[in-house]
């Protein structure tokens, strides 16, 4: 998949994941793209681990895989960067 394809899939997956996962997301459209692209790698790895196809191009299946990976990434980011009280 080309660079433009990764950007499209990443943007869509990142935006959808920010709508689903509560809390503040990382920096704007660029942050959405990065979360979506990294999420595509995470989603692809998870799907391959369970014997399914990961990201294959700009199609609905790849969008779903990238979205699931982006949601996983945002939950991990929230777990490690949550606000802690300084007591």
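The values are calculated or read from the model by the stated rules, or taken from the named source; none is laboratory data. In this text, all values refer to a predicted model and were calculated from it rather than measured experimentally. Reconstructed Cβ throughout: ideal geometry from the backbone, glycine too, with neighbour counts over all protein chains shown.
As a summary of the residue check, residue 75 satisfies the conditions (1) at pLDDT 85 or above; (2) surrounded by fewer than 19 Cβ atoms within 10 Å (Cβ to Cβ); (3) within 12 Å of the chain's Cα centre (by Cα); (4) closer than 21 Å to residue 3 by Cα except for the one numbered (4). Screening the candidates 29, 58 for the property of being outside any loop (DSSP other than H, G, I, E, B) and over 12 Å from the mean Cα position of the chain (by Cα) yields one hit, 29. Do we have residue 50 as modelled with pLDDT of 85 or more and exposed (fewer than 13 other Cβ atoms within 10 Å of the Cβ) here? Spelling it out, residue 50 is indeed modelled with pLDDT of 85 or more and exposed (fewer than 13 other Cβ atoms within 10 Å of the Cβ).
Is there a residue being surrounded by fewer than 18 Cβ atoms within 10 Å (Cβ to Cβ), in a helix (DSSP H, G or I) and either modelled with pLDDT under 85 or touching a helix residue (DSSP H, G or I) at 6+ places or on another chain (Cβ under 7 Å) (or both) anywhere in the stretch 16-25? Within the stretch 16-25, one or more residues are surrounded by fewer than 18 Cβ atoms within 10 Å (Cβ to Cβ), in a helix (DSSP H, G or I) and either modelled with pLDDT under 85 or touching a helix residue (DSSP H, G or I) at 6+ places or on another chain (Cβ under 7 Å) (or both).
Beta carbons closer than 7 Å, at least 6 apart along the sequence or on distinct chains, pair a first residue in the stretch 43-55 that is more than 16 Å from residue 9 (Cβ to Cβ) with a second that is not in a helix (DSSP H, G or I) for 48/54.
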